[in-house]
Amino acid sequence: AESRSCWLGLYYFQRILRILPSYAVCLVLWWKIVPLLGDGPFWYNYESFVEKCDNFWWTNMAFVNNILPWGKEESAECYYVTWYLANDMQFYFFAPILIFLYKKFSCLAFFLNVLGIAGSCCGMAYGSYHFDWSALTFDGSWSVDYSIDAYTAPWFRIVPYLFGMWLAMFWNEKSNSPNPMFLTLCSRRFFMWFGMVVLLAVAFSGYFGYQRVPCNIYTNPDETDCGSGWGIWYRVTYNTLTRPFWSLGLILICSICFLNQGGLLQQILAHRGWAPFSRLSFMAYLTHPIVLNYWVLSSKTKVFLSVQNVFVFYSGVVCGTFFVSVTLALLVEFPIGVLAKELGKKPTEGKARPSTPESKSRSINFEPLNLSMRSSPPPRIPSTTLLLGPMKEEIDLASPGSFESGSWSSVDSEAKGYGTYDQA
């Protein structure tokens, strides 16, 4: 019980230490520093951002700004884009409950996970039908009601997170089974293409809802000839099913890549060229509204929309965002990340352990595995990489090798008694 409480405390402490300092620095920039830097005929609009932070900055530091102020759109929050970060932290705080339950009663954990997904989807369907919610921004007052009641609500946003938890539990079960998972060439191609088709279908499913004249923000589409033109059941279906189907597509593609059977797509997604952008993604997420609003509101003239202007505008904002991100990452995020990693080390980590026959029999060797297709059985990713907490069997995770950039770590086949597989 003592080790469990220690693990849980460290679990929360490391997360807060990893997120909160960078978040606080960017919030101060947004709230106190940037207002002193801009000027021009449109700069007065920035005062509304400052006023919201004067009243609600504490909701950001408590990670409840997706709920408070209650009954308001996300644009009424301080530092409005961080509603997503509040959701993410709330789900992270909730995850150990499901993990501990899974360790004791795995079937019950699976059932509650599925029940949570079904309950969230049913709630979205009910609200969409009875309150005329619409996720399409052309739908005037319907879109405003959706933004206030559903868009940032954690009980609706949790669906993809629960899908990820379900995958982690399922993967942990398969990783500890004597038979390794392996897909034939035909089934691998089917699941890969099906996953990509699902993702593309979800991404473009709203296209036909943006072909008409948009409604004014508080106009009821039933009263005027504007908006998406979608009937109630189209909107119910779209609002309810987009998140679960998007999660399903990601699960299919990620699972195949975890099995090291993703082929060309896996090599593209795991390419080292993405590493710098992935390391800067969190800081870019935090700083992009600063760069974007400074660019727009400090302009001396209105923006004329054309393909060329939009391209130049977009390119400038992206470059400016990553420039600011690199600076703040080097000054704040990366040093704090190193500190969090050091504090998370076990006291015995890094020291040589005495070798005993029992420890040798339970240790697993990790070796780099090339991302190319192999005819041998795929590696089993240790459950600790997908599900927090130790594996059911004791293994030596301090052995050489880890998930290095550009390569997966594979479990030695001889140590686990795997045979040879043919793709046929």
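The values are calculated or read from the model by the stated rules, or taken from the named source; none is laboratory data. Given the structure is predicted, the values throughout are model-derived calculations rather than measurements. Cβ atoms come from the backbone with ideal geometry, glycine included; neighbour counts cover every protein chain shown. Side chains included, ligands, DNA and RNA excluded: accessible areas come from the protein's heavy atoms. Shrake-Rupley method; radii C 1.70, N 1.55, O 1.52, S 1.80 Å.
Here are the numbers:
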| quantity | calculated |
| --- | --- |
| Any helices (runs of 4 or more DSSP H) falling wholly within the stretch 1-118 and containing at least 2 residues that are among the small types (G, A, S) and loosely packed, with under 12 Cβ neighbours inside 10 Å | 2-28 |
| Test: residue in the stretch 303-322 that is surrounded by 18 or more Cβ atoms within 10 Å (Cβ to Cβ) and either among the small types (G, A, S) or assigned to a helix (DSSP H, G or I) (or both) | yes |
| Hits in the stretch 252-275 (condition: of a type in the set (V, I, T) and either open to solvent by 30 Å² or more (accessible area, probe 1.4 Å) or touching a strand residue (DSSP E or B) at 6+ places or on another chain (Cβ under 8 Å) (or both)) | I268 |
| Members of the stretch 177-206 found to be in a loop (DSSP other than H, G, I, E, B) and under 26 Å from the mean Cα position of the chain (by Cα), listed by number | M181, S205, G206 |
| Residue pairs meeting the criteria (Cβ under 6 Å; at least 6 apart or on separate chains; first within 15 Å of R189 (Cα to Cα), in the stretch 261-274; second surrounded by fewer than 17 Cβ atoms within 10 Å (Cβ to Cβ)) | G263/M373 |
| Residue within the stretch 193-202 that is among the small types (G, A, S) and surrounded by fewer than 18 Cβ atoms within 10 Å (Cβ to Cβ) present | yes |
| Residue within the stretch 209-229 that is part of a helix (DSSP H, G or I), open to solvent by 70 Å² or more (accessible area, probe 1.4 Å) and either at pLDDT below 90 or within 30 Å of C319 (Cα to Cα) (or both) present | yes |
| In the stretch 124-149, residue farthest from the chain's Cα centre (by Cα) [restricted to those that are among the aromatic types (F, W, Y), surrounded by 20 or more Cβ atoms within 10 Å (Cβ to Cβ) and assigned to a helix (DSSP H, G or I)] | W142 |
